[in-house]
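Remarks on the structure that follows.
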Amino acid sequence: MGKELLGKRVSQVEVANPKCLNVPFGQFQKAVVGKTIKAVESRGKWLFLKIDSQALLFNPGMGADVIHFKPDDELPEKYQIKFSLHDGTGFTIRVWWFCYLHLKPKEGLGEHKLTANLGLTPLDKSFTLDYFKQLLSKKRGNIKSFLLDQKNIAGIGNVYVQDILFNAKLHPKRKIPSLTAGELDALFKSIKLILRKSTEMGGLAYEKDFYGNKGGYGPKQFQIAYKPGKPCPICQTPIQKIKTGSTSSFICPNCQPLTM
Ligand SMILES: [Zn+2]
C-alpha cells in the first residue's frame, strides 16, 4: 500500500456505510479530500493512514478486500468505501461484515480507545527478543492466551498461533513463568518465522493482497493447525484438537507435552 499511495493526494472519498465512521461524513470528507497520504502503517488488524495532520484508522472486522485500482481498471462489483487519488488511481474496500473507519488528529492518537493499548506487531523492527522477554516477565497466565491478547502483541490470531506453538514445541496451556530461556528463544523465532512466511506468500488463502491476488498460505502450509487425526509432521503421532478456554487448539501430544 505504501508503494502505491505515499505522496499522493486524495481527490474524492465515498463511504456507503457511514456507520463505520466516528465523525459525520461531511467532516470526514473535509479532513481527507485534498490532503496527502504521508504514511501507511499497521498494527495487528489496524491499518493507519497518516493524511497530513490526520490519522485514518481502519479495522476490517472479520475481514475486508482492500483493492488498488489504476485509471482504466474495472472496479470490483461490490464495495462500500472508495478513495480516489489525484493521479486517477485509488483503492476500494469491500467489507465482509463490519468495519471501523475512524479519523483522529495525529497528536490525539493516544486518545483513540480501540488502538491506544495495542501491542507491537511482531514484524516491527522494535519487536526484539529482549522486548519479548520483557513483555513476558510480568505475566503469569498461559502462553496461548498471552499470544492472542492484542494488548500484548498485535497480529497473532487463532490460525497462526497453532503452528507458532507447535514449532516452539510448547503446549498452549503452559504457564508463562515455567518457560525456560531456550523455550522463549524458540517461541520468539517461531512467531517471526510463521508470520513472515505467510506475509511473503500474500497472507492466508482466503485473503487478498492490495492487487487482488489470493494469499498462498493455506492448509498445505499448516503443520498441525486444523488437522485433527492427521499424523504429526515430526513424529507421526495423531494431532489432537483440545479446548483451551474459549478457543480450540491443535497439538501434537508427543511434541508439545504439558509439563510443569
Ligand atoms: Zn509430534
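Would you say Ile156 is part of a helix (DSSP H, G or I), closer than 30 Å to Lys3 by Cβ and either touching a helix residue (DSSP H, G or I) at 6+ places or on another chain (Cβ under 8 Å) or away from the ligand (no atom under 16 Å from the Cβ) (or both)? No.
You will find that of Phe210, Phe222, the residue that is in contact with a His (Cβ under 6 Å, 6 or more places away or on another chain) and more than 16 Å from Lys144 (Cα to Cα) is Phe210 and no other. Restrict the check to region 132-143 and report whether at least one residue is crowded, with 20+ Cβ neighbours inside 10 Å and either at positive phi or at pLDDT 95 or above (or both). Yes, that holds for at least one residue.
Listed by first and then second residue, the pairs with beta-carbon distance under 9 Å, at least 6 apart or on different chains, first residue in region 245-260 and within 14 Å of Asp163 (Cα to Cα), second of a type in the set (Gly, Ala, Ser) and away from the ligand (no atom under 12 Å from the Cβ), are Phe250/Ala225; Gln256/Ala168. Filtering region 229-244 to residues that are near the ligand (Cβ under 8 Å from one of its atoms) and either hydroxyl-bearing (Ser, Thr, Tyr) or not in a loop (DSSP other than H, G, I, E, B) (or both) leaves only Thr237. Quick check, is Gly26 of a type in the set (Gly, Ala, Ser), part of a loop (DSSP other than H, G, I, E, B) and surrounded by fewer than 18 Cβ atoms within 10 Å (Cβ to Cβ)? Judged against the criteria, Gly26 is not a match.
Give the residue, chosen from Tyr79, Tyr100, that is over 20 Å from the mean Cα position of the chain (by Cα) and hydroxyl-bearing (Ser, Thr, Tyr).
Working: Tyr100 fails: over 20 Å from the mean Cα position of the chain (by Cα).
Testing whether each residue is over 20 Å from the mean Cα position of the chain (by Cα) and hydroxyl-bearing (Ser, Thr, Tyr) leaves just Tyr79.
Per-residue answers, yes or no, for (1) touching a Leu at 6+ places or on another chain (Cβ under 6 Å); (2) of a type in the set (D, E, K, R); (3) under 16 Å from Lys19 (Cβ atoms):
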| residue | (1), (2), (3) |
| --- | --- |
| Lys45 | no, yes, no |
| Asn59 | no, no, yes |
| Met62 | no, no, yes |
| Val66 | no, no, no |
| Pro71 | no, no, no |
| Glu74 | no, yes, no |
| Glu77 | no, yes, no |
| Ser84 | no, no, no |
| Cys99 | no, no, yes |
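To keep it simple, each residue is scored yes or no on (1) out of contact with any strand residue (DSSP E or B) (no Cβ under 8 Å at 6 or more places or on another chain); (2) buried (at least 20 other Cβ atoms within 10 Å of the Cβ); (3) closer than 30 Å to Trp96 by Cα.
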residue	(1), (2), (3)
Thr128	yes, no, no
Asn152	yes, no, yes
Gly157	yes, no, yes
Thr199	yes, no, yes
Gly203	no, no, yes
Asp209	yes, no, yes
Asn213	yes, no, yes
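Note on region 245-260: among residues that are surrounded by 18 or more Cβ atoms within 10 Å (Cβ to Cβ) and part of a strand (DSSP E or B), the one that is nearest to the ligand (Cβ to nearest atom) is Ile251. Put simply, of Lys45, Lys113 the only residue that is at pLDDT below 95 and either among the β-branched types (Val, Ile, Thr) or surrounded by 17 or more Cβ atoms within 10 Å (Cβ to Cβ) (or both) is Lys45.
Based on this model, can you work out whether Gln80 counts as at pLDDT 95 or above and either in contact with a Cys (Cβ under 8 Å, 6 or more places away or on another chain) or at negative phi (or both)? Break it down into steps so the answer makes sense when it comes.
Numbers: at pLDDT 95 or above: yes; either in contact with a Cys (Cβ under 8 Å, 6 or more places away or on another chain) or at negative phi (or both): yes.
The answer is yes for Gln80.
The values are calculated or read from the model by the stated rules, or taken from the named source; none is laboratory data. This structure is a prediction, so every number in the text was calculated from the model and none was measured. Because the Cβ atoms are built from the backbone with ideal geometry, glycine has one as well, and the counts that use them run over all protein chains shown.
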